[in-house]
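Asker: Sharing a structure here in structure tokens format.
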Amino acid sequence: MQKISKENGSVFCGKEAWATFNSKLSELDPSKVFVITDTHTKQHCTSNFQKNYSYSITPCFLEMPAGESNKTIEQCIPLWESLSELGADRHSVCINLGGGVVTDLGGFVASTFKRGIAFINIPTSLLAMVDAAVGGKNGVDLGYLKNQVGVIRDPLFTLVDIEFLTTLPEQELISGYAEVLKHGLIHSKEYWEEAIEIDFSNEVLMERLVWGSIKIKNQVVTKDPLEKGLRKTLNFGHTLGHAIESFCLQHEGRKALLHGEAVAIGIILACYLSAERHQYPKSLLREVCETIQKHFATPTFSKSEIQEIIDLLAFDKKNDRGNVCFVFLSDFGNHIIDCKVPTEEIWNAFEFYNKLKS
Ligand SMILES: NC(=O)c1ccc[n+]([C@@H]2O[C@H](COP(=O)([O-])OP(=O)(O)OC[C@H]3O[C@@H](n4cnc5c(N)ncnc54)[C@H](O)[C@@H]3O)[C@@H](O)[C@H]2O)c1
């Protein structure tokens, strides 16, 4: 078993992690156990969970509808009500069994119910394994604006079992891969090279890669849990990525982009701006564009759409006194944080991106 041990927020990875999961539950001795799933993870992930769960208390399953459009405060209410009706108290524990939507929202529900009960994350999507379930950020969207309401609070621990990935739709797997690529760019050439050699069907390689990403994310959040500096590097590609994701959520006519798909576009834009402003190697910019184009759809945006995306930057939660803050790179692992960018440079980045297709 691979593990990162901390007082809160430990991560256990591998089949043997289930034994640790069960013994940690016994140590905790909770009054009740609740499992929050969404419609898909209820269907696809509960059998692996039940097979491995051996604690004496029968868990109570609570379900929310699947999808980013349900990561809302409205969806928290029935969960809080169920916890209350089913007698959850401050010694109960919530297990979030799902992708990033379930771990973000479930962590928020647990962190606010009776001013905070314990929770455990069991991520079932690649994106949640390598990113969302680690680091203690929990929350919900406000309308189509991403992650506007939330808290930073660690799970008791996170259990990662890549067997869950066997039922994950391929497009969701690729979406999670965007965060793996981001980890490579912000961390090291070695991890980037490992990441671009990905073989989604090779379990050994996948577990290695998932664990590599978890270690990178953990290193960053341990050094800077409250995002004063270093943690901002995890937002590489996310400033424009989130605005693009919000734009697509807002426009039902426009094909919705998954979180990772929007982030992949954001990474191209951030690498372009890094090259323009901070001598990021052009050869690496090319390699990033080729890698992303190989795996992700890269839809173009019209002038009016770009304007709307730029307008959405005003709502980014990382903004400082009205200024949009970007993270750029000058090379692998060399970050420049809190960068302010004139709007015309963002337009240039979109022009570069739109031309990639031709
Ligand atoms: N808290 C953080 O630090 C952090 C970091 C990155 C992303 N996020 C958030 O994570 C969310 C995206 O996460 P996601 O991509 O996992 O989305 P998601 O939770 O919506 O999961 C994607 C889809 O896959 C389904 N699914 C999940 N696991 C499955 C499985 N094993 N088998 C079959 N279906 C499965 C889900 O039901 C859903 O339909 C976004 O809301 C994003 O803001 C949070």
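The values are calculated or read from the model by the stated rules, or taken from the named source; none is laboratory data. Predicted model only: the values in this text are computed from it and were never measured. When we count neighbours, we look across all protein chains shown, and the Cβ atoms used for this are built from the backbone with ideal geometry, even at glycine.
Asker: Can you name every residue in segment 5-16 that is at pLDDT 95 or above and within 16 Å of the ligand (Cβ to nearest atom)?
Answerer: The answer is VAL11, CYS13.
Asker: Could you grab me the full set of residues in segment 200-252 that are in a loop (DSSP other than H, G, I, E, B) and either polar (S, T, N, Q) or in contact with a Ser or Thr (Cβ under 6 Å, 6 or more places away or on another chain) (or both)?
Answerer: Once the filter is applied, which keeps residues that are in a loop (DSSP other than H, G, I, E, B) and either polar (S, T, N, Q) or in contact with a Ser or Thr (Cβ under 6 Å, 6 or more places away or on another chain) (or both), segment 200-252 yields SER201, ASN202.
Asker: Checking the conditions here, which among ILE214, ILE198 is more than 13 Å from the ligand (Cβ to nearest atom) and closer than 24 Å to GLY135 by Cβ?
Answerer: Exactly one residue qualifies, and that residue is ILE198.
Asker: Among the residues of segment 84-94, what is the count of those that are out of contact with any helix residue (DSSP H, G or I) (no Cβ under 8 Å at 6 or more places or on another chain) and hydrophobic (A, V, I, L, M, F, W, C)?
Answerer: Summing the residues that are out of contact with any helix residue (DSSP H, G or I) (no Cβ under 8 Å at 6 or more places or on another chain) and hydrophobic (A, V, I, L, M, F, W, C) in segment 84-94 gives 1.
Asker: Considering only residues that are near the ligand (Cβ under 7 Å from one of its atoms) and more than 9 Å from GLU63 (Cα to Cα), which ones fall in segment 28-40?
Answerer: The one that is near the ligand (Cβ under 7 Å from one of its atoms) and more than 9 Å from GLU63 (Cα to Cα): HIS40.
Asker: Kindly evaluate ILE186 against the criterion of being of a type in the set (Val, Ile, Thr), touching a residue at least 12 places away in the same chain (Cβ under 8 Å) and part of a loop (DSSP other than H, G, I, E, B).
Answerer: Details: of a type in the set (Val, Ile, Thr): yes; touching a residue at least 12 places away in the same chain (Cβ under 8 Å): yes; part of a loop (DSSP other than H, G, I, E, B): no.
No: the conditions fail for ILE186.
Asker: Further question: Restricting to segment 114-139, what's the tally of residues that are hydroxyl-bearing (Ser, Thr, Tyr) and closer than 11 Å to PRO155 by Cβ?
Answerer: Here is the first cut: in segment 114-139, the residues hydroxyl-bearing (Ser, Thr, Tyr) are 124-125.
Filter again for closer than 11 Å to PRO155 by Cβ, leaving none.
Of the residues in that region, 0 qualify.
Yes or no, residue by residue, for (1) modelled with pLDDT of 95 or more; (2) closer than 21 Å to THR291 by Cβ; (3) within 12 Å of the ligand (Cβ to nearest atom); (4) not charged (D, E, K, R):
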| position | (1), (2), (3), (4) |
| --- | --- |
| PRO155 | yes, no, yes, yes |
| LEU165 | yes, yes, yes, yes |
| LEU168 | yes, yes, yes, yes |
| HIS183 | yes, yes, yes, yes |
| SER188 | yes, yes, no, yes |
| ASN202 | no, yes, no, yes |
| LEU209 | yes, yes, no, yes |
| LEU230 | no, no, no, yes |
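Asker: How many residues are surrounded by 18 or more Cβ atoms within 10 Å (Cβ to Cβ) and among the β-branched types (Val, Ile, Thr) if we restrict to segment 73-94?
Answerer: Qualifying residue count, segment 73-94: 1.
Asker: Of the residues GLU305, GLU276, only one is acidic (Asp, Glu), touching a residue at least 40 places away in the same chain (Cβ under 8 Å) and under 18 Å from PRO342 (Cβ atoms); which?
Answerer: Working: GLU305 fails: under 18 Å from PRO342 (Cβ atoms).
Unique residue meeting the criteria: GLU276.
Asker: Sticking with this structure for a sec: Condition test on ILE186, is it crowded, with 20+ Cβ neighbours inside 10 Å, within 16 Å of SER125 (Cβ to Cβ) and assigned by TED's automatic domain parsing to the domain that holds PHE296? Before the answer, list the steps.
Answerer: On the way: crowded, with 20+ Cβ neighbours inside 10 Å: yes; within 16 Å of SER125 (Cβ to Cβ): no; assigned by TED's automatic domain parsing to the domain that holds PHE296: yes.
No, not satisfied.
Asker: Out of segment 109-136, which residues are surrounded by fewer than 24 Cβ atoms within 10 Å (Cβ to Cβ), modelled with pLDDT of 95 or more and within 14 Å of the ligand (Cβ to nearest atom)?
Answerer: Passing the criteria: only SER111.
Asker: Further question on the same structure: Report yes if PHE296 is touching a strand residue (DSSP E or B) at 6+ places or on another chain (Cβ under 7 Å) and either crowded, with 18+ Cβ neighbours inside 10 Å or farther than 24 Å from GLU68 by Cα (or both), otherwise no. Quick ask: steps written out before the conclusion?
Answerer: On the way: touching a strand residue (DSSP E or B) at 6+ places or on another chain (Cβ under 7 Å): no; either crowded, with 18+ Cβ neighbours inside 10 Å or farther than 24 Å from GLU68 by Cα (or both): yes.
For PHE296, the condition - touching a strand residue (DSSP E or B) at 6+ places or on another chain (Cβ under 7 Å) and either crowded, with 18+ Cβ neighbours inside 10 Å or farther than 24 Å from GLU68 by Cα (or both) - is not met.
Asker: With respect to SER47, is the statement that it is small (Gly, Ala, Ser), within 16 Å of the ligand (Cβ to nearest atom) and loosely packed, with under 14 Cβ neighbours inside 10 Å true?
Answerer: Yes, satisfied.
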